[in-house]
Structure formats: structure tokens, C-alpha cells
Amino acid sequence: MRTRLPGTVVKAYLSAARLPLDAAARIGGQQANEQWPPALAFEGLEANVETVVGSLLRDDALVESGRLRRAKVARLRKAGELEAVADATRAEARDEFAKRREQTDQKRRDATKRAEARERKVEQQAQQSKASVERRAAKKVAAAEAAESAAEDVIERRERAAQADALAKEAEALEARQVALRTEETLDVIDDTLEGTREDRKSS
């Protein structure tokens, strides 16, 4: 005669076996976490025990309880897998976002550096152009000053030449007057001599 263990005894046995696990769950703060791996593994064990023992004892209620528990475990595991996939997807999305943000920041930094380099180049070119303009202006000023100095030299030389020419002409005129005076004095002497000669002749 086959001994039949009632389903309540099986459930009581499983509940007693679960006590250490429940204590560990309380210590770890996992009482409400149905997806806690140790709890899920024990739940799967309970489902198998109920299903096998129920089949041996022809206890349909115990078999149904095992099947329901097994379906629950499957759903929890599937939910855990989906949650893990979701976590992985979220982590990947965060990593991708962080990567793109870093790329964007790097592009912004590169653009800023290029803009600063262009600004420095433009400023350098402006300074070079300003220096070139200043050099050309300085050359023009120097050339104008040189031309003015040369013109002044020419004018001064011409003035000196004119003064020398005027002095030479004045000297010539003075010499001419002196010659004329000497000539006039000579003529007066000659006239006086002739006059004296005539007087002498008349008296003799």
C-alpha cells in the first residue's frame, strides 16, 4: 500500500526549508525582491518538488501549484532578463551619450582653437600690414625730406652763385669807375699841361 503525503505536509516542509533563505533576505534587505537570485532559485526548486511530488502522489492541486510556481519563476526570470537587457541598453545609451557629448565638447574646443588661431593670424597680418604701411610712409617722408633738402641746397647754391655774380659785377663796375676817374684825372693833367704850355708860348 502506497503512502501518500498530503500537499500540506510538502508545503510545510518547503516552508521550513525556506526559513534560512528568508532570514538571509531580511539581513540583505531583499524581502520584497522576487527577482533576488537565491530566492528565485529556491522558488524554482519548490516548483519542481511540488510538480514531481504531486505527480507521484497524484495530487492535482500540488501539481497545479508547482506548475503555477514554475510559470511564476519563468516570468520572473524573463522579467529579470528583460530588465538586465534594459539596464544594459540604458548603460549603453548613457555611454553613447557621454561619448557623443565628449565628441561635441572636443569639436567645440577644436573650433574655439581654430577661431583663436584665425584671430591671431588676422591680428598678426594686420600688424604686419600696419608695419609695412608705416615703413612705406617713413620712406616717403624720408624721400620728401631728402628732396626738400636737395632743393634747399640747390637754392642755396644758386643764391650763392647769384651773390657771387652780383659781387663780381659790382667789382667790375667799381673798377670801371676807377678807370674812368683815373682817365679823367689824366685828361685833366694833360689839359693843365697843354694850358701851361700855351701860356708859356704867349709870354715868350
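Taking N as the number of residues in segment 66-160, what value does Rg over Cα atoms divided by 2.2 N^0.38 Å take? Let's see the in-between values first.
On the way: Rg = 40.1 Å, N = 95, 2.2 N^0.38 = 12.4 Å.
For segment 66-160, the normalised Cα radius of gyration comes out at 3.23.
Please name whichever of G44, A131, S149 sits farthest to the positive end of the charge dipole of the chain, dipole taken about the Cα centre and charges placed at Cβ: Lys and Arg +1, Asp and Glu -1.
G44
Taking the Cβ of R70 as the centre, find all other residues whose Cβ is under 13 Å away and add up their charges (Lys, Arg: +1; Asp, Glu: -1). The partial results should precede the final answer.
Numbers: positive: R67, R69, K72, R75, R77, K78; negative: E43, E46, E50, E64.
Computed value for this residue: +2.
Could you tell me, in Å, what Rg and Dmax come out for the Cα atoms of segment 7-110?
For segment 7-110, the Cα radius of gyration and maximum Cα-Cα distance read 21.7, 77 Å.
Let me have the 222 nm mean residue ellipticity of the chain computed from DSSP H runs of 4+ only, each contributing -39500 (n - 2.57), with the sum over all residues rounded to the nearest 500. Write out the running numbers ahead of the final one.
Numbers: 3 runs with 187 residues, N = 204.
It comes out at -34500 deg cm²/dmol, rounded to the nearest 500.
Can you work out the FRET efficiency for the pair A164 and A144, with r the C-beta to C-beta distance and R0 = 22 Å, to the nearest 0.05? Intermediate values should be presented prior to the final figure.
Working: r = 30 Å, r/R0 = 1.36.
Between A164 and A144 the formula returns 0.15.
Can you put F97, F42 in order of Cβ neighbours within 10 angstrom, beginning with the fewest? Please list the in-between numbers first.
Working: F97 10, F42 18.
Result, fewest neighbours first: F97, F42.
Apply the membrane-span-like helix rule to the chain: whole DSSP H runs, Cα extent along the own long axis of at least 20 Å, mean Kyte-Doolittle hydropathy at least -0.5. List the helices found. Working shown, then result.
Numbers: long enough: 7-28 (31 Å, 0.61); 37-57 (29 Å, 0.79); 60-203 (209 Å, -1.09).
Span-like helices here: 7-28, 37-57.
In vacuo Debye scattering of the chain, one point per C-alpha: log10 I(q)/I(0) at q = 0.10 Å⁻¹?
The Debye formula, applied to the Cα set alone, gives -0.83.
I need L56, L167 ordered by Cβ neighbour count within 10 Å, fewest first. Present the calculation step by step, with values, prior to reporting the outcome.
Numbers: L56 13, L167 10.
In increasing order of surrounding Cβ atoms, one gets L167, L56.
Read-outs throughout are calculated quantities, based only on the coordinates presented, and are distinct from any laboratory measurement. Note that the structure is predicted; figures quoted are calculated from it, not measured. When we count neighbours, we look across all protein chains shown, and the Cβ atoms used for this are built from the backbone with ideal geometry, even at glycine.
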